[in-house]
Amino acid sequence: MNYLQSFLSTIVYSFYSKKLYASVHHQWQSLPLKYLLLVCLISSSVIAYSINSWVDNIIFSDDADDLKNIASKEEYLDNIIAQIPEVTIKDYTLSTKNKSTYNVLNASGKTILIIDTADILKSIKETQSTFMVTKNNIHFMSNNGQEYILPLQKLLQGVLPENNEPVTLDKEFYSQFLHMLVISETSSYLAGIISFTLYFFLDNLILAAIYALVVTGLMRIEIKFTNSLRLAIIASTPTIVFKTLDIVLPNGLFGYPLVVFFLMQLAYTYYAIDSSRKN
């Protein structure tokens, strides 16, 4: 069996196979870091493609037939950028020169973004827009009609200057950001996937270590940490798969994803360690 077959079979068997976890415990000699990295790479690539397609669809809407080449997309984005006012950020609060509501439209006349730094609107449900930015929050409407509110303080924590100097977002910033997000030249697209893969890899490795310690503590068994971590890494596979699906599917998979994924990985880690002891 070559590495690709072994890799794919490990993904499938991680959902149910006690023999796999016994083999991981007794026969594998090193931590499956390359395996985890590849799983995270696949997940990141799927998420990046899904988000890119989703954003592309929101911005261009029904105008896709007229925007098949990059040049027309650039011209179209320039029209959108021209509608976005200059925004200043200070103390995690947005402000614009004119305290009014700005509606950003795509070519078909659909509102894709509302900027309301005067907090005139209380909910995005009062509008037909997908996104709404207020002075302290970003509002987002999912495909199933649920409104999400993201506080700017959480999003920008550690990003703004420590000296609390105001930051101004101008036309040049909007141009660079939207062109990177929508047109996605190969180099910047791949750079984004690599960056997210490394973050995802480290995040899942740390979580696997925590779950390994928690589960062995709850089970009150003596097992080398390297063995429990090796099992926890493989046991994280189902959670990574379901997390990916929850992000890319229009309506998601679960009503309370954080709770579900916490319990899922806890259960799979327990299953992995318990299976390795009985086989």
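For segment 219-227, state whether one or more residues are part of a helix (DSSP H, G or I), more than 13 Å from the chain's Cα centre (by Cα) and over 16 Å from residue 35 (Cα atoms). Quick ask: steps written out before the conclusion?
Of the residues in segment 219-227, the ones part of a helix (DSSP H, G or I) are 219, 225-227.
Adding the requirement that they be more than 13 Å from the chain's Cα centre (by Cα) leaves 219, 225-227.
Now restrict to residues that are over 16 Å from residue 35 (Cα atoms): 219, 225.
Within segment 219-227, one or more residues are part of a helix (DSSP H, G or I), more than 13 Å from the chain's Cα centre (by Cα) and over 16 Å from residue 35 (Cα atoms).
May I ask you to list the residues in segment 1-38 that are in a helix (DSSP H, G or I) and more than 30 Å from residue 249 (Cα to Cα)? Quick ask: steps written out before the conclusion?
Of all residues in segment 1-38, those in a helix (DSSP H, G or I) come to 3-13, 18-26, 33-38.
Selection gives 19, 22, 23, 24, 25, 26.
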Legend entry - For residue 140: the one exception among (1) within 23 Å of residue 248 (Cα to Cα); (2) at pLDDT below 75: (2)
Legend entry - Condition broken by residue 113, with the remaining ones in (1) assigned to a loop (DSSP other than H, G, I, E, B); (2) hydrophobic (A, V, I, L, M, F, W, C); (3) at pLDDT 80 or above satisfied: (1)
Legend entry - Cβ pairs under 7 Å, 6+ apart, first in segment 190-216 and over 23 Å from residue 231 (Cβ atoms), second part of a helix (DSSP H, G or I): 192/48; 193/44; 193/45; 193/48; 196/44; 196/48
Legend entry - Where a residue in segment 259-279 is outside any helix (DSSP H, G or I) and its partner, wherever it lies, is aliphatic (A, V, I, L, M), with Cβ under 6 Å and at least six apart: 279/22
Inset, instruction - Go through the residues of segment 236-250 one by one and say whether even a single one is without any contact (Cβ under 8 Å) to a residue 12 or more places away in the chain, within 18 Å of residue 24 (Cα to Cα) and not hydroxyl-bearing (Ser, Thr, Tyr). - result: no
Inset, instruction - Working carefully through the options 41, 77, find the one that is out of contact with any Pro (no Cβ under 7 Å at 6 or more places or on another chain), in a helix (DSSP H, G or I), under 26 Å from residue 271 (Cβ atoms) and modelled with pLDDT of 75 or more. - result: 41
Inset, instruction - Output the residue which, of all residues in segment 88-113 that are under 21 Å from residue 75 (Cα atoms) and of a type in the set (A, V, I, L, M), is farthest from the chain's Cα centre (by Cα). - result: 107
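For segment 194-206, state whether one or more residues are among the charged types (D, E, K, R), loosely packed, with under 15 Cβ neighbours inside 10 Å, out of contact with any strand residue (DSSP E or B) (no Cβ under 8 Å at 6 or more places or on another chain) and farther than 11 Å from residue 265 by Cα.
First, pick out the residues of segment 194-206 that are among the charged types (D, E, K, R): 203.
From the residues that got through so far, the ones that are loosely packed, with under 15 Cβ neighbours inside 10 Å too are 203.
After this cut, where a residue has to be out of contact with any strand residue (DSSP E or B) (no Cβ under 8 Å at 6 or more places or on another chain) as well, the list is 203.
Restricting the remaining residues to those that are farther than 11 Å from residue 265 by Cα gives 203.
Yes, segment 194-206 contains a residue that is among the charged types (D, E, K, R), loosely packed, with under 15 Cβ neighbours inside 10 Å, out of contact with any strand residue (DSSP E or B) (no Cβ under 8 Å at 6 or more places or on another chain) and farther than 11 Å from residue 265 by Cα.
Can you confirm whether residue 247 is aliphatic (A, V, I, L, M), at pLDDT 90 or above, assigned by TED's automatic domain parsing to the domain that holds residue 41 and within 20 Å of residue 44 (Cβ to Cβ)?
On the way: aliphatic (A, V, I, L, M): yes; at pLDDT 90 or above: no; assigned by TED's automatic domain parsing to the domain that holds residue 41: yes; within 20 Å of residue 44 (Cβ to Cβ): yes.
Taking the combined requirement at face value, the residue does not satisfy it.
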Inset, instruction - Could you check, for segment 183-192, whether at least one of its residues is at pLDDT below 80 and under 22 Å from residue 137 (Cβ atoms)? - result: no
Legend entry - segment 93-137, residues that are surrounded by 17 or more Cβ atoms within 10 Å (Cβ to Cβ) and of a type in the set (A, V, I, L, M): 94, 104, 112, 113, 114, 115, 124, 132, 133
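The values are calculated or read from the model by the stated rules, or taken from the named source; none is laboratory data. Note that this is a predicted model, so its numbers are computed, not measured. Cβ: placed from backbone, ideal geometry, glycine included. Neighbour counts: every protein chain shown.
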